[in-house]
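These notes are about the structure you will find just below.
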């Protein structure tokens, strides 16, 4: 099985689906001739032509709105927002339009679009090239919010998102693009949306996380394992709707929960998971649910020292695990 | 590209100045009479919805009174179920002209489960029918423009010929960012889409000179690489000529057009509005002179398509029809409460 980077896995999903299904096309800023600022769509313009790898003006609402219109005619658009920080102008299109088309027409219309956006810090992107904006969308019925962490999942989840009959916002951690490699099958396969994956089984603490933080959490779990702390790590993969069963089953087994995300502490998905555990697994808990998240400041700073201080890392996660183990 | 203020009939079937205008445009007497009846029918539904709102049976009414000629004139240029129409909340007459019925509109207004637009989920004014290719919209002003552009983009991708999208909005929507983005994309790609501005001079209460920085919305087209056309939106034939030309241009690969239809909103914005707070008594008194139904009726009588007695009979027939539709809609029971959760996600 070939080893691909996270980025190559995403490109492979796009190319395979575009080859197999004439309805699939990509649109966004710089996605055509240039192949995207991160080169995710590199080669698609050359292979599929200007009508299926469409360079668009700097117009995020227009990009997503045009995708919605094309979906209404039966196509399967994959819109790219160049950075998750710039998804805001398209929020009305995603939340008020795409997410509600099926519901507001009582099932007469549907809106099978994918909106891809690179997110997250760690590449010196400062305030406007490193935000985690997923919480904007994780309280919107009608929408699905997907964040892969491995190359295998990136391809399988993206293909599932393209084939899904409803709109999917698909966030890709930009630090994973070239730092993570993994086995990715040739050809088309799907990883189901709405299901979390247990990446490491353990008995003492459950970690719930996604994206880059999955890898940091796994590293931290290995570190504390040498100290006799046995950690289970759950990769959420879909943030909305949440896989409640997997979350609750894990915490009922371990009795302690740590939620790790790069998004800000307040309003991040950790609050929802914490409430879920409090409501449905309270009597299983041996410690308060703990959240480890980025501080409540707008985003990471350009200054390297401040950037490092802002970012979560395996050391910080290991520290939180030790505290929770000792509770 | 320069702005066109003429409504060239060059692409229309017959060009004989001796003929009545509708015949010059290739429209039959029957088509004109059907449009006149349709405009009167939708006005009756409009009247009825205001009554129902006072009875607490329709919780929101938004009028199309004054806009009927524009919407019926455009509908003549649209092949319903083939071309896509992307309307806004003022387009009740368009929905009827494209094939919806008074019962459909009343079910929508009364929020009934059999409302074909939304199953009783959207407040009145959100017309939709996939079969007629009338696209469901939200209440966010201007956000639907880009959907028409995306539909036109889809035709480009699939290589379909002889099809176009047409979208409708007030002059107030032309201030919105999504409007600008949609116009930009349509102009850059020269897509098969027609933009129809129903300029009634008010964004609820704010007059055009406080919301549009130029006298004519059509002049904005120049900034988007497409022609802008101005027509009298109370003149159904002028509107049809412009819409037909623009749709044919779009369908044949000629690119987008912006049509500005200047007209008058004869009633308050909605049943929650009192337009006497921002329109002078003189202005309100003069509105009756701009009723497009009167205009088309006079034309039909002048050209012998019907006489005054036949007009009276027609009005009575329409009233009876709307009465019957009202009773039928009123009898539809509320949906089962668990249907609140239906149609959230597809299978």
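Placing a pseudo-label 7 Å from each Cα along the Cα-to-Cβ vector at residue A:284 and residue A:305 gives an inter-label distance of 4.5 nm. With contacts taken as Cα pairs under 8 Å at a separation of at least 6 residues, segment B:141-198 carries a relative contact order of 49 percent. Averaging Cα coordinates gives a centre for segment A:272-327 and one for segment A:222-259; these two points are 13 Å apart. DSSP assigns beta bridges within the protein assembly as shown; of those with both partners inside it, close to 20 percent run antiparallel.
Here the relative contact order of chain B, from alpha carbon pairs under 8 Å that lie six or more residues apart, stands at 23 percent.
Helical runs (DSSP H, four residues minimum) scored at -39500 (n - 2.57) apiece and divided by the length of chain B put the mean residue ellipticity at 222 nm at -12500 deg cm²/dmol. The fewest-to-most ranking of B:143, B:53 by surrounding Cβ atoms within 10 Å reads B:53, B:143.
One chain, two ends: residue B:331 and residue B:79. Fully extended at 0.36 nm per residue, the span grows by 87.4 nm beyond their Cα-Cα distance. Inter-part distance, segment B:305-328 to segment A:144-196, computed on C-alpha centroids, equals 59 Å.
Please work out whether segment B:21-335 counts as rounded, prolate or oblate from its C-alpha gyration tensor, where a ≥ b ≥ c are the square roots of the eigenvalues and a/c under 1.5 means rounded, while otherwise a/b larger than b/c means prolate and anything else oblate? Taking the square roots of the gyration eigenvalues as a ≥ b ≥ c, segment B:21-335 is rounded. For peptide B:170-183, the mean count of partner chain Cβ atoms within 10 Å of a residue's Cβ comes to 3. Once the chain from residue A:319 to residue A:249 is taken as fully extended at 0.36 nm per residue, the excess over their C-alpha distance is 22.7 nm. Taking a virtual spin label 7 Å from the Cα of residue B:139 along the C-beta vector, which residues in segment A:86-103 bring their backbone nitrogen under 18 Å of it? Once the point is set 7 Å along Cα→Cβ of residue B:139, A:92-103 turn out to lie under 18 Å by backbone N, inside segment A:86-103. For segment A:197-326, the share of DSSP beta bridges that are antiparallel, to the nearest 5, is 20%. With the helix formula -39500 (n - 2.57) applied to DSSP H stretches of n ≥ 4, chain A reaches a computed 222 nm mean residue ellipticity of -10000 deg cm²/dmol. One chain, two ends: residue B:277 and residue B:222. Fully extended at 0.36 nm per residue, the span grows by 16.3 nm beyond their Cα-Cα distance.
For B:112, B:319, B:295, the sequence from fewest to most other C-beta atoms within 10 Å is B:319, B:295, B:112. Among the residues of B:135-148, the average count of other protein chain beta-carbon atoms within 10 Å of the residue beta-carbon is 6. With Cα atoms defining each centre, segment A:53-129 and segment B:141-213 are spaced 18 Å apart in the structure. DSSP beta bridges confined to segment A:195-268 are antiparallel in about 25 percent of cases. Shown is the FRET efficiency for residue B:320 and residue B:340, computed with R0 = 56 Å from the Cβ-Cβ distance and rounded to the nearest 0.05: 0.95. For residue B:31 and residue B:302, FRET efficiency with R0 = 25 Å and r from the beta-carbon atoms, rounded to 0.05? Here the calculated transfer efficiency is 0.90.
Residue by residue along A:96-104, Cβ atoms of other protein chains within 10 Å of the local Cβ number 6 on average. For B:252, A:255, A:130, B:129, the sequence from fewest to most other C-beta atoms within 10 Å is B:252, A:255, B:129, A:130.
Values quoted throughout were computed directly from the atomic coordinates according to the rules given, and no laboratory measurement underlies them. Here the structure is a predicted model, which means the values were calculated and not measured. With ideal geometry, Cβ positions are generated from the backbone for all residues, glycine too; neighbour counts draw on all protein chains shown.
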